[in-house]
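Working notes for the structure below.
The values are calculated or read from the model by the stated rules, or taken from the named source; none is laboratory data. Only a predicted model underlies this, so the values are computations on that prediction, with no experimental measurement involved.
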Amino acid sequence: MLQNRLRPSLRSNNHGQMVVESVLILTLCIGFLMAASNVFKRGDVINKLINGPWARTAVMIETGTWSGSLAEGRAKHPNTGARSRILNTE
């Protein structure tokens, strides 16, 4: 085997292993950060996180119902119904 043919000083030389592993980990971290930044730039992730829930909440604030759209919410609002209820006073 190759281990048996090497001198003992070469077999126990692990001084550069930590440097090599550190460079590999650093390369992976930089690659991950670059990929994540490209996703955020290209995909408008922040815009979707803010505007997605806000559209439904805005309908609730304006109309008082959890409807899908503003037109449906306005139609379901309690103040848009006919006020023709008669109280029975008998």
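Quick look at the values:
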{"read-out": "Hits in the stretch 38-62 - residues which are modelled with pLDDT of 80 or more and β-branched (Val, Ile, Thr)", "value": "VAL39, THR57, VAL59, ILE61"}
{"read-out": "Those residues of the stretch 12-35 which are modelled with pLDDT of 90 or more and not β-branched (Val, Ile, Thr), in sequence order", "value": "GLU21, SER22, LEU24, LEU26, LEU28, CYS29, GLY31, PHE32, LEU33, MET34, ALA35"}
